[in-house]
Amino acid sequence: MLSRTFLTTFSVWIAFLGTSCNSGVSQTGSGSNSDLPGVCSTDGARSLEAQPSPLRTATATADPYAYFVTDVSPKVIQSRCIGCHISGGVAQATPLVYLPSDTPGNEGSNYNLLVNYIGAEPIRAKVMLEKAQGVNHGGGPVLNSNSEEFRILQTFLKAIGGQVDESSQSDFWEGVELASAEQTLRRAALIVARRLPTEAELLSVSTGEDADLRKALHGLMQGEGFHEFLIDGANDRLHLEAFDNGLFLEAADLNGTPLFPLGAKKYFEAGNKQDGWPEWMNDWMRGMAFSPLELIAYIVEHDRSYQEVVTADYMMVNPVMDEILRSGTGLREEHSHRTYRPGRNRGQVLPDDQLKSEFIQDFGNRIESHGSFIDYPHAGVLSTHAFLNRYPTTETNRNRARSRWTYYHFLGVDIEKSATRTTNPVALADTNNPTLRNPACTVCHELLDPVAGAFQNYGNSGLYRDSWGGQDALPETYKHPEWFEENAAPSLYVYGDTWFRDMRAPGFNCEQAPDPSNSLQWLGQRIARDTRFATAAVKFWWPAVMGEEAKTAPEAREDAGFEVELATFNEQNRFIENLGKHFASGIDGGKAYNAKDLFVEMLMSPWFRADSSTVAGNSASRASGLGTRRLLTPEELEAKSRALLGWRWGEDDSPDPWDYDEVWTQLGNRFQIYYGGIDSNGIKERSRALTSLMSNVAEKQAVEMACPAVVLDFNRPDGERLLFDGIDRNTTPTSEVDKVFTVTAGSEEEHTTHTLSGELETGGKLIRISFLNDWYDADEGDRNLHVFSVTAKASSGEVILFTDRDNRTDGSVTFTCSNDQNGLSLWCDDGYISIPLAIQEAGSYTVEVKAWGEQAGPDAVEMSVGVESTDPTSGATQGELAIKNKLIELHEKFLGESLRLGDEELDYSYQLLIETWKDRASQENGRNSAWNWPNEDCRFYSNSHWEEGGPARQANDPHHMLYTWTSMLIYLMTDFYYLHE
Amino acid sequence: MKRREFLTRTMLLGVAGLGLRVPRLYGAPLSPYSGRLLVTLQAEGGWDVTSFCDPKVNQPGEPEITNWSKSKEIRTAGNLKYAPFAKNTELFEKYHRYMLVINGIDAQTNSHTTGVLHNWSGRNAEGFPSLTALFAAHNAPKQPLSYINFGGFGQTGGVIRFSRLDDVNTLRGLLEPAYSHFDTWGNQDVYHRRLSDMERIRKYRQERFARMLEDPRLLARQQANLEAYADALESKSALVHFSDYIPAESDVLEDVQVHERHRSNLPRQIQMTIAAFRSGLASAADLYTGGYDTHTDHDNQHQALFGHLAEMIDLFWTHAEEAGVADRITLVIGSDFGRTPQYNADDGKDHWPIGSVIVMERNAAWGNRVAGLTDEGHNALKVQPTTLKQDRNGTLIYPKHVHKALRRHLGLGSTTIASGFPFNNTEDFAFFG
């Protein structure tokens, strides 16, 4: 049954966008406007918490006004609505503008406002409740439909005559069944750890207890795969890999800027760069680009407070960054460029009068002198050069993009969607500093601009105080407009300012940043303390875990599926808010802001685990984007195939210096975009469903990997194989018993006897002998197998069959070198000797084969001897049983599908195997190999595979099972379940 | 037996071999799509139409609206006015008969996100698909590349899925997954797997899909993803034909450095789109180019951008003509919104909600025409929807009006798919007569 650990009713913390504020007090030294009206009280933000009511709760229907006073006003109007719906607030243009609680008569006035508003059109009650949930509401969601406050408002609106929809959310998950603990662990391992779970891990969750599953999930969060999950997940939001896909990281440009003197010197001394920059520059540029992603990964992997994402007083540096930034982490040149350690940036200087450098074309900057290295003010990701440069600013944008994305990533607020969209062209055309004065603009800019101001020290590309003189990052066009236009209006700039005086002061949530020199650090601290930070973290990681963006409230009631979307949004929003609270305080008694704990709860939730529904038409079963079987990303699919087969599609022996990870792969490079991946530059949204082209990528992966995977695996010793332990290449659907022998005798006189024993059922059988390792060299000789005689005996010792080259049993066949032969010699490894054998009574039997070989080459002759049934679908052969058991294993490994003997899906797979096997046996196959060169190809990824004795040269397939298993792997690797976890 | 012949035979064999409820991989081979074609060219960032198709000159006492108007006057090509800027003359002189220019479209926002959403879906609320998605879903839902998106707005509303085309050589290697290489020594094609085996695997896979889809316990995500995969497989066999149409590696058009900050791969987008149209595998495409958000150095950047745009429009029609598909194409060109009717302190222009759309068809009866009005300060004016003349009692033109008219013009107006995304209480503008 559905676990509801986190589905209990919870009062919802409100992502309250309407913290309508204006920085009313000038910030010393930062510039900024100080005389504009605003609604922030001078002592800070308006309280958003519900005020305790001194009155007893009244009954809404009996006395709506009393109910309004006791419940609605304190718990809804004054706590949830007043921030925006107030004179001077961002919702002042709406019909619902309330009096605040400190205004005498507010309760009566507000009550009458609502009674009249609803009385005029009772349907407004329904719209009002939807807006409270976020539907087409400028303030976004402020009440969850399961919350007490929502119920209070609904009850009241109904009591005053409003039309309300009282359908309940409580049955959202009714009938939904979760994936089992084992299935959940498997999916989580593939997605979060990029590997399959171990047997021990699977065993540990077999109890079905949530506690055991939580522990096992936690155990996944380590190692290379988890690191990749963190890097990819963070990049999917921050898109910093754009700097590795064509976008230039100007903030780290050692050619153009002398502000990293050690780097500029190193670059300059590398000589003329007409033919390209030195190799270490790639490590520097990529290191600077990936540093924020590595920071997030470091924080999570080391169980540090997730708040450090915006507060860390360090950054992550690789060896060359360590050298240039003087971080002193102990990293040396011999360390990989992908080794990162936490360190500080102590290698940056200001463009002040002590900095003297000369730019020489093709060489870079020759540094003559520079001032002191700055104590770089780190603020986690926010102060990293890549983050700042990903959202470059301009003289007119003034850090607003940085602010907008800071809100989005770290506070979960999409400002562009949060505010009522202005439709008044006059307002939109306002040129009188509209962002500060025009309500149509201030609706967003009241939030946006103070945070933009907090980025005041970072210039257009993200360099610290990069204006000439190193005092600030303000553009000269603002400070000295007269330099650019003779009749320009005088600047508001005053020497020492670090921010624009015609903008709101740097700050956050109605609080001003106290010190211009570290306002971004201050902002990071404030964001980390904001309750929205925790829920934003859940939303930040939602796509990486769930394969879908977190829901936003549907915007138009007339849209198809509106009700389901709204219900889903409400349920998900409630979950996220609730989980955010726990994350902030410590999940299940754990450390506060521990991201691993957060991931575990996300993986435990029905949003990840919902697997089926026994109730048709419930909200959860109709909601898009939840539960199992989401499309794997190219990175996830590549990792899954690697976990199963042992290598990445397309990789080879040679490191690729052009790739950050030095491994070129088909899914990671060539087909990444075609398989719905992103380049983080122009293409930033992943495809979440397969198209024809994408299905071709999946199929191509399967056909190119399956053949070498099968050949390589069967060449590993039994017990060390990835897929085919316990079965060998000679086990066919008709196999009863079989065994491989090494024939060392080198002449007929020395022939040796090789005995096969086993249990046989009654019926027609075939003894089948194959030569497995033909070899020929013009100088060294020819290796061949000669069978002297074959004897079959019952357990009593009775001989039931004898044959030799002079006394062939009727119906026996010797097929070799593409021809039927008369004797019992096999010259090529394409053939076999088959001898009919009738078993009258079930029991133990032995087959003795006397043989010798013409020995040549490094190995002795190898021979397989088996007894086969003549009916591959009798259900009675050991081969069929072994193959079906292997198919069960493969279905489990590749598809996460648990089958048992007798299951329909197993029978279908077996039927495909039989058809393939029979078809292959009927084809001409000159070499009797896993692939028939030159018509067929099998692409091995390592040159060593082709070396003498290598697996590519051990691909004999006398029983056609290598070929057949290859087809089965293609079938599995293109299955819906393989591509969707 | 030739590879193509073999494929055809195996496909035909499959027809008799399968009787499934849902997927139809072995159903009748898809005929190449031969109906109308739709392309949008999304110039992202907010273009300055006052230097393009809604030319404005400086007014006494007002901030300068265009620098070019200090020395030049508005020009005319046919009935169209255009700014003597960049390569507009070449563009409008050559193509004005193809063009319907709709000026004064009020995007009702200065936000890029909303502007893109509004202009390309017709609504400033999430949920509506792009016009191209609707078009493809109605006209050629089964074609494997029916809807191609090169970036920009490509929301589908769940009615179809878009394909992305990237490197040509990579694409070529993808069209027939089992194909390995051509063996010049043996003068034959080499495969990773026999095609008969692939067909058998595909048959079993399709049968498994059918069984999965019959499960009444499926969640919406599972069902949607299953259907997507089944659809993808149903039409994928036709992809192999695309190799006959995509350009040789040596013929692939190179990217263009538009100006120092902006590089464009529009030539390749156009080349691939026309190739896909010619193959009959596609019906709609979104071309995408950026760089128009010129808050600084506006004129220089727009000069290069509009010059590039003119060249690309010409390239598009030239390729379409050569491919024999020009008569079937409707090309819609637009942006997020416009740019302010004055320069800022950095010689840039900021966001302005009023913009334009250009609809092009070869020798269209409604071509060589301008609809919509703006005043000299580039403010939108109300017009009467039927006469398209200025009318104080008329209405401003919003993206929904353009979309509603385009839907009707493209034959989508009363279709089942479009009815799921209605423009209620929206006037009908007679843009197309």
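Values quoted throughout were computed directly from the atomic coordinates according to the rules given, and no laboratory measurement underlies them. Just so you know, these numbers come straight off a predicted model, no measurement behind them. Here the Cβ is made from the backbone with ideal geometry for all residues, glycine too, and neighbour counts use every protein chain on show.
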Residue exposure sequence - B:274, B:333, A:727 - by fewest surrounding Cβ within 10 Å: A:727, B:333, B:274
Reduced to Cα centres, the span from the range A:677-703 to the range B:370-433 in Å works out to 37 Å
Starting from 0 in steps of 10 Å, tell me what percent of the Cα-Cα pairs of the range A:716-786 lands in each bin. 13, 36, 34, 15, 1
Alpha carbon centre of the range A:370-408 versus the range A:242-317: separation in Å? 14 Å
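Of all DSSP beta bridges in chain B, what percent run antiparallel (nearest 5)? Mind dumping the intermediate values first?
Working: 26 of 47 bridges.
Approximately 55 percent, going by the DSSP bridge assignments.
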Measuring from the longest principal axis of the C-alpha atoms of chain A, the long axis of helix A:279-301 (C-alpha) lies at a number of degrees, nearest 10, equal to 80 degrees
So the angle from the long Cα axis of helix B:298-323 to the longest Cα principal axis of chain B, reported in degrees to the nearest 10, equals 40 degrees
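Regarding the range B:245-371, what's the average projected area of the Cα-atom convex hull, expressed in nm²? List each step's numbers first, then the result.
On the way: hull surface 35.7 nm².
Projected area, direction-averaged: 8.9 nm².
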Which cross-chain or sequence-distant (5 or more) residues have an amide H under 5 Å from the amide H of residue B:344, H modelled 1.01 Å from N in plane? B:349, B:350
In the neighborhood of residue A:617, defined by Cβ-to-Cβ distances under 13 Å, what is the net charge if each Lys or Arg adds +1 and each Asp or Glu adds -1? -1
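Taking each pair of distinct Cα atoms in the range B:127-271 once, what is the resulting Kirkwood hydrodynamic radius in Å?
Details: mean 1/r = 0.0551 Å⁻¹.
It is 18.2 Å.
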What are the ³J(HN,Hα) couplings of the range B:70-80, residue after residue, when phi is run through the Karplus curve with 6.51, -1.76, 1.60 and θ = phi - 60°? Round to Hz, x for glycine and proline. 5, 10, 10, 10, 4, 10, 10, 10, x, 9, 9
Semi-axes in Å, largest first, for the protein assembly as shown (Cα gyration tensor, √(5λ)) are 62, 36, 34
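Show that you can apply the helix-only estimate: for chain A, add -39,500 (n - 2.57) for every DSSP H stretch of four or more residues, divide by all residues, and state [θ] at 222 nm to the nearest 500. Let's see the in-between values first.
Values: 31 runs with 327 residues, N = 981.
The helix contribution divided over chain A gives -10000 deg cm²/dmol.
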Across the range B:238-252, in residue order, what do the Karplus-derived ³J(HN,Hα) couplings come to in whole Hz, using 6.51 cos²θ - 1.76 cosθ + 1.60 with θ = phi - 60° and x for Gly and Pro? 6, 4, 4, 5, 4, 4, 6, 10, 6, x, 5, 3, 6, 9, 5
Between the alpha-carbon centers of the range A:476-529 and the range A:109-127, tell me the distance in whole angstrom. 44 Å
Rg/Rh of the range A:760-869 (Cα atoms, Kirkwood Rh), to two decimals, equals 1.02
Candidate lysines for bridging to residue A:765, where Cα separation is under 22 Å - those fewer than 8 sequence places away on the same chain excluded: A:739, A:793, A:850, A:884, A:918
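Largest first and in whole Å, give the semi-axes of the range A:886-977's equivalent ellipsoid, each being the square root of 5 times a Cα gyration tensor eigenvalue. Present the calculation step by step, with values, prior to reporting the outcome.
On the way: eigenvalues 147, 57, 22 Å².
Ellipsoid semi-axes (Å, largest first): 27, 17, 10.
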Over its alpha-carbon atoms, chain B yields an Rg and a Dmax in Å of 23.9, 80
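Using only alpha carbon pairs under 8 Å that are at least six residues apart, calculate the relative contact order of chain B and give it in whole percent. Numbers along the way, then the final one.
Working: 853 pairs, mean separation 123.1, N = 433.
This gives 28 percent for chain B.
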Can you give me the long-range amide H partners of residue A:86? Hydrogens built in the peptide plane at 1.01 Å from N, cutoff under 5 Å, separation of 5 or more residues or another chain. A:91, A:92, A:98
Could you list A:765, A:551 in order of exposure, starting from the residue whose Cβ has the fewest other Cβ atoms within 10 Å? A:551, A:765
About the Cα centre, charge dipole magnitude for chain A (Lys/Arg +1, Asp/Glu -1 at Cβ), debye: 4320 debye
Counting only residues 5 or more apart in sequence or on a different chain, those whose built amide H sits under 5 Å from that of residue A:366 are A:358, A:359, A:360
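With 10 angstrom as the radius, rank A:820, B:314, A:728, B:286 by how many other C-beta atoms surround their C-beta, starting from the fewest.
Least crowded to most crowded, the residues run A:820, B:314, A:728, B:286.
Determine one quarter of the surface area of the Cα convex hull of the range B:137-223, which equals its mean projected area, and express it in nm² to one decimal. Spell out each step's value before the answer.
Numbers: hull surface 34.9 nm².
The number I arrive at for the range B:137-223 is 8.7 nm².
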Applied in sequence order to the range B:195-208, the curve 6.51 cos²θ - 1.76 cosθ + 1.60 (Karplus, θ = phi - 60°) yields integer Hz couplings, x standing for Gly and Pro, of 5, 5, 5, 4, 5, 5, 4, 4, 4, 5, 5, 5, 5, 5
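Counting only C-alpha contacts under 8 Å and six or more residues apart, can you give the relative contact order of chain A as a whole percent? Please list the in-between numbers first.
Working: 1904 pairs, mean separation 110.2, N = 981.
Over chain A, the number comes to 11 percent.
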To the nearest 10 degrees, how steep is helix A:400-411 against the longest Cα principal axis of chain A, on a 0 to 90 scale? 60 degrees
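Mean projection of the alpha-carbon convex hull of the range A:590-717 over all orientations, in nm²? Walk me through the numbers before you get to the answer.
Working: hull surface 52.6 nm².
Value for the range A:590-717: 13.1 nm².
Against the globular-protein guess of 2.2 N^0.38 Å, express the Cα radius of gyration of the range A:151-249 as a ratio, rounded to two decimals.
Numbers: Rg = 22.3 Å, N = 99, 2.2 N^0.38 = 12.6 Å.
Normalised by 2.2 N^0.38 Å, the Cα Rg of the range A:151-249 equals 1.77.
Which of the chymotrypsin sites (Phe, Trp or Tyr not before Pro) found in the range B:165-195 are in a DSSP loop and have at most 11 neighbouring Cβ atoms, other than their own, within 10 Å? Numbers along the way, then the final one.
Values: sites: B:179, B:182, B:185, B:191; in loops: B:185.
Here the sparse-neighbourhood loop sites are B:185.
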